[in-house]
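Nothing in this text is a laboratory measurement; each read-out follows from the coordinates by a stated rule. Because the structure is a prediction, the values reported are computed rather than measured. As a convention, Cβ positions derive from the backbone with ideal geometry for all residues, glycine included, and neighbour counts pool all protein chains shown.
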Amino acid sequence: MPFADKYVAKATTIASRLLGEETIIMSTLDSTLFSLNPTGSVIWENADGQTLLSRIVDEKVCTEFDITPEQARADAEEFVGQLAEHGILVVSDQPILQ
Amino acid sequence: MAQTSVETGHEVVIEIGGIPIALHTSDPEFVDILSARFSDYFKAGMTPEFTFDVDLVPPGMFDVDADAEVWLEDGQWRMERGDFRATWDPATRRGLIRQSPNPYSIDSVLRICHTLVLAHSGGFLLHASSGVRNGKAYLFSGLSEAGKTTMARLAPPDVELLTDEASYVRKIGSQYLAYGTPFAGEFGAPGKNISAPIAAVYLLAKGPENRITPVEPAEAIRRLMRNILFFAHDAELVRLVFDACCAFVATVPVYQLTFFPDQRVWERIG
């Protein structure tokens, strides 16, 4: 199942701060810092564990940025994959309770 | 000046950043060692916020090559390095330090202890030299070789140096203050035991000419986080320090200071 059809949520082992349109995330496990660009920040802010990634892309990313749905979905898949790999974003087939 | 304690022999209260910490030792020679390093920060007769008993052991008793480790276990902070073992219970506000009679181990324990205390009150220790000019504090931050000590050495006479190594940042009300510390680097001298509101932080880089440029908040957080002294492997503390850094950057302007290392750089400061 592609990431677009999954629920995404912020890991509990992070601290984050939205600064303008950029988000700074710190892993509390190893103090690694991550920076998200405006598009990534929108996905991050809406990663509440209750909303499908595809819906975040369609209703938030595509409405705020000049990007095609296909490109937005591909970018979001790659973005979520990278954050999940670092353990700062949780991905699930089911809604995520936190 | 050391005070005599009935229970353990001698009590020395060292106040850094406005936080008095008492050290109990039975060895008068260790009091002399403390006096040589921390005398400007001795506060006789002050009620300490925290108390450590110092148990002096022979040199080389521990794994001398071990790096510093700090962790929370059963409600107690444990601090270990090749030259010391220490525990500290925040609930009872008491701790125990085991080390040989030298000033470096106690210096490190105090640094660690202050980082733990500061994290819970929105402050931190920053790899930075700092000085007070016209009633305002200016911090010069960077890792090794960035120019912290150089900025301290170049400071004109009207600048009161707070430290050339580790700047002490506290949040008092809505403002941030920098305090002098005895934590010295290459300069080798303790900072003046005073404090002042922080006017700016300069991230150091050496270059062919002096130039000051603003640093965007996100970039400032990234770079300051690299320079905040932080020892503990503890998720909650990491979160507190990150939040403290973000709040600090929202209040205090951060600049990049590219400087040519001569006295003219101070013409741009204050």
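Averaging the inverse of every distinct alpha carbon separation and then flipping it gives the Kirkwood radius. What is it for the protein assembly as shown, in angstrom units?
One decimal place: 22.7 Å for the Kirkwood radius.
In chain B, what % of DSSP beta bridges are antiparallel (nearest 5)?
Antiparallel bridges: around 70 percent, rounded to the nearest 5.
Once you have all Cα-Cα distances for the range B:105-253, histogram them in 5 Å bins from zero and send the whole-percent values.
2, 10, 20, 25, 22, 14, 6, 2, 0
Give me the net charge for the shell around A:Thr28: Cβ to Cβ below 15 angstrom, other residues only, Lys and Arg +1, Asp and Glu -1.
Neighbour charge sum, excluding A:Thr28 itself: -1.
Please give me the summed charge of the neighbours of B:Ser129: other residues whose Cβ is under 11 Å from its Cβ, Lys and Arg +1, Asp and Glu -1.
It works out to a net charge of -1.
Under 28 Å between alpha carbons, and skipping anything fewer than 8 positions from B:Lys206 in its own chain: which lysines qualify?
B:Lys136, B:Lys148, B:Lys192
Once every DSSP H run of n ≥ 4 in chain B is given -39500 (n - 2.57) and the sum is divided by its residues, what mean residue ellipticity at 222 nm do you get, rounded to the nearest 500 deg cm²/dmol?
So the helix-based figure for chain B works out to -7500 deg cm²/dmol.
Over 29 Å, how big is the tail of the calculated P(r) for chain B, in percent of all Cα pairs?
Above the 29 Å cut-off, chain B has 32 percent of its Cα pairs.
Considering only DSSP beta bridges whose two residues both sit in the protein assembly as shown, what percent are antiparallel, to the nearest 5?
Roughly 75 percent of the DSSP beta bridges within the protein assembly as shown come out antiparallel.
For B:Arg81, what charge total do you get from the other residues with a beta carbon under 13 Å from its beta carbon, if Lys and Arg give +1 and Asp and Glu give -1?
Around B:Arg81, the charge tally is -3.
I want the antiparallel fraction of DSSP beta bridges within the range B:3-119, as a percent rounded to 5.
For the range B:3-119, the DSSP antiparallel bridge percentage is about 75.
How large are Rg and Dmax for chain A when calculated on the C-alpha trace, in angstrom?
12.5, 36
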